[in-house]
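The values are calculated or read from the model by the stated rules, or taken from the named source; none is laboratory data. The structure presented is a predicted model; accordingly, all values stated were derived computationally and were not measured. A quick note on method: Cβ atoms are made from the backbone with ideal geometry, for glycine too, and the neighbour counts reach across all protein chains shown. Calculation scope for accessible area: heavy atoms of the full protein, side chains included, ligands and nucleic acids excluded. Shrake-Rupley method; radii C 1.70, N 1.55, O 1.52, S 1.80 Å.
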Amino acid sequence: MAKDYESLIRKVKNRTNPDIVNESVLLEKSFRDELGRTTVKANEYVKRAMRGVEPRYTERTFEAGKKVREHLKKNNSSLDFEFQGSVMTNTHIKGHSDIDLVQITNRFYFHEGRQNFQKAKESFEYSYTEKERLSVIAEGTSFEGDDKMTLREVRIDAENVLNREYKYVDTTKGKSIEVKPTNPSRKVDVVTASWYKNVKAVAKADKEERGIKIYDKNDHKILPEDFPFRKIKLVNQKDSGVNGRLKKMIRFLKNVKVDSDYKIDLTSFDITSISYNIPTYKYSDKSYLELVHVIYEEMYKIYFDKVYRDSIKSVDDTEYIFRNNPEKVEHLGTLLTEVNLIKNDIIGASFIY
């Protein structure tokens, strides 16, 4: 069935330009000129879907997050505060997108097995200064409190602060507090966590390599370590080497998923991992239309080649995306069908194979 590209274009425009600002003001001249020369609606949809959200809306999203951060920081200056999520890689697709703010306790931390620190300390891989840093954990640290109760106190304290400062605050979710500031109108999710330190992060004093362990208030438990800042760093680094093409593909797939008439249960994490996994030589010199073919070929191979599919890992190399998950494979097939329909409708792109 043919796609209604007029409707799809309207949807993308509403997501990336929610305040309906005149495009002659909003878009730079080069992009306006390109759109003016684009007579095929499928081509226009692809170009808009890859472009993403206008900077002015993203700036307002950060503004909302920073205001929430300042209220929390004023109450407890001993915490570390970091932003995470797709806004940090500019792969979000909604102008009024939410942003994740992580408040991280410094009273204690988790770490990779102490034996790994001792081995690293005894190896020739690290310098004297780096080994000194490793010694702190290799020789042991102590925290006499209750880690879960400490994080619970941080979480409850934040709830009280935000309830005083904002009208719309949802504290019912286990992993985050949802805050809806009105000026600017955005959603900020406040996550409570502790640091998780691994050998590389400690030796290199690299905060982006550190992990976090999020506290779930509803289940009163601390979740397994996650590495959101490493993911942000890796996506930004890889994208800068291909002149923005990686992020174009990620945004495109996210828009196609949202615009589908079918439920496609793939997360932003999944879609980013699919795109990140593609070798850069396959797309480093491709036009925006050719990128659709690159994405299609990759998804086709993942879907039909089980051995290859089972090898696909997350951006931070910590987990397999599709292994032992047939339902996720099924949803990948639905997204593949959607991309194939668009691929067949675009005009002017040469096939990569």
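Can we say Ile347 is at pLDDT below 95 and either among the hydrophobic types (A, V, I, L, M, F, W, C) or over 30 Å from Glu209 (Cα atoms) (or both)? Yes; evaluated as a whole, the condition is true for this residue. Out of the stretch 217-252, which residues are over 29 Å from Arg155 (Cα atoms) and of a type in the set (S, T, N, Q)? Across the stretch 217-252, the qualifying residues are Asn236, Gln237, Ser240, Asn243. Restricted to helices (runs of 4 or more DSSP H) entirely inside the stretch 275-345, those with at least 2 residues that are open to solvent by 50 Å² or more (accessible area, probe 1.4 Å) and either within 20 Å of Ala49 (Cβ to Cβ) or touching a Cys at 6+ places or on another chain (Cβ under 6 Å) (or both) are 288-304, 326-345.
Going residue by residue through the stretch 119-141, is there one that turns out to be polar (S, T, N, Q) and under 19 Å from Glu70 (Cα atoms)?
No.
Among the residues of the stretch 184-219, the one identified as over 22 Å from Gln237 (Cβ atoms), modelled with pLDDT under 95 and among the polar types (S, T, N, Q) is Ser185.
Does at least one position in the stretch 234-254 carry a residue that is open to solvent by 10 Å² or more (accessible area, probe 1.4 Å), touching a His at 6+ places or on another chain (Cβ under 9 Å) and either assigned to a helix (DSSP H, G or I) or within 30 Å of Ala193 (Cα to Cα) (or both)? Yes, there is a match, as at least one residue in the stretch 234-254 is open to solvent by 10 Å² or more (accessible area, probe 1.4 Å), touching a His at 6+ places or on another chain (Cβ under 9 Å) and either assigned to a helix (DSSP H, G or I) or within 30 Å of Ala193 (Cα to Cα) (or both).
Filtering the stretch 70-99 to residues that are in contact with a strand residue (DSSP E or B) (Cβ under 9 Å, 6 or more places away or on another chain), surrounded by fewer than 19 Cβ atoms within 10 Å (Cβ to Cβ) and closer than 30 Å to Arg10 by Cβ leaves only His96.
In the stretch 45-54, the count of residues that are at pLDDT below 90, more than 20 Å from Lys286 (Cα to Cα) and of a type outside the set (Gly, Ala, Ser) is one or more. Within the stretch 1-32, being surrounded by 11 or more Cβ atoms within 10 Å (Cβ to Cβ), modelled with pLDDT under 70 and closer than 22 Å to Lys286 by Cβ holds for one residue alone: Phe31.
Scan the stretch 84-129 for residues that are of a type in the set (Lys, Arg) and under 22 Å from the mean Cα position of the chain (by Cα) and the total you get is 1. Within the stretch 148-162, not a single residue is in contact with a strand residue (DSSP E or B) (Cβ under 7 Å, 6 or more places away or on another chain) and part of a strand (DSSP E or B). Give the residues of the stretch 173-196 that are within 20 Å of Ile104 (Cα to Cα) and open to solvent by 40 Å² or more (accessible area, probe 1.4 Å), sorted by residue number. Correct list: Lys173, Lys175, Lys187. A Cβ distance below 7 Å, combined with a sequence gap of six or more or placement on separate chains, defines the contacts here; from the stretch 112-133, residues that are of a type in the set (A, V, I, L, M) reach residues that are surrounded by 11 or more Cβ atoms within 10 Å (Cβ to Cβ) in the pairs Ala120/Tyr126; Ala120/Leu134; Ala120/Val199; Ala120/Ala203. Any residue in the stretch 157-176 that is more than 11 Å from Val188 (Cβ to Cβ) sitting within a Cβ distance under 6 Å of a residue that is basic (Lys, Arg) and open to solvent by 20 Å² or more (accessible area, probe 1.4 Å)? List the pairs, counting only those 6 or more apart or interchain. Here the result reads Gly174/Lys217, each pair linking the stretch 157-176 to a residue that is basic (Lys, Arg) and open to solvent by 20 Å² or more (accessible area, probe 1.4 Å).
Asp219 meets the conditions (1) in contact (Cβ under 8 Å) with a residue 40 or more places away in the chain; (2) within 19 Å of Glu327 (Cα to Cα); (3) surrounded by fewer than 18 Cβ atoms within 10 Å (Cβ to Cβ) in every case but one. The failed one is (2).
I'm checking my understanding of the structure. Among residues of the stretch 140-163 that are more than 30 Å from the chain's Cα centre (by Cα) and either over 19 Å from Tyr196 (Cβ atoms) or aromatic (Phe, Trp, Tyr) (or both), which one is surrounded by the most Cβ atoms within 10 Å (Cβ to Cβ)?
Phe143
As a summary of the residue check, Lys66 satisfies the conditions (1) part of a helix (DSSP H, G or I); (2) touching a residue at least 12 places away in the same chain (Cβ under 8 Å); (3) open to solvent by 20 Å² or more (accessible area, probe 1.4 Å) except for the one numbered (2).
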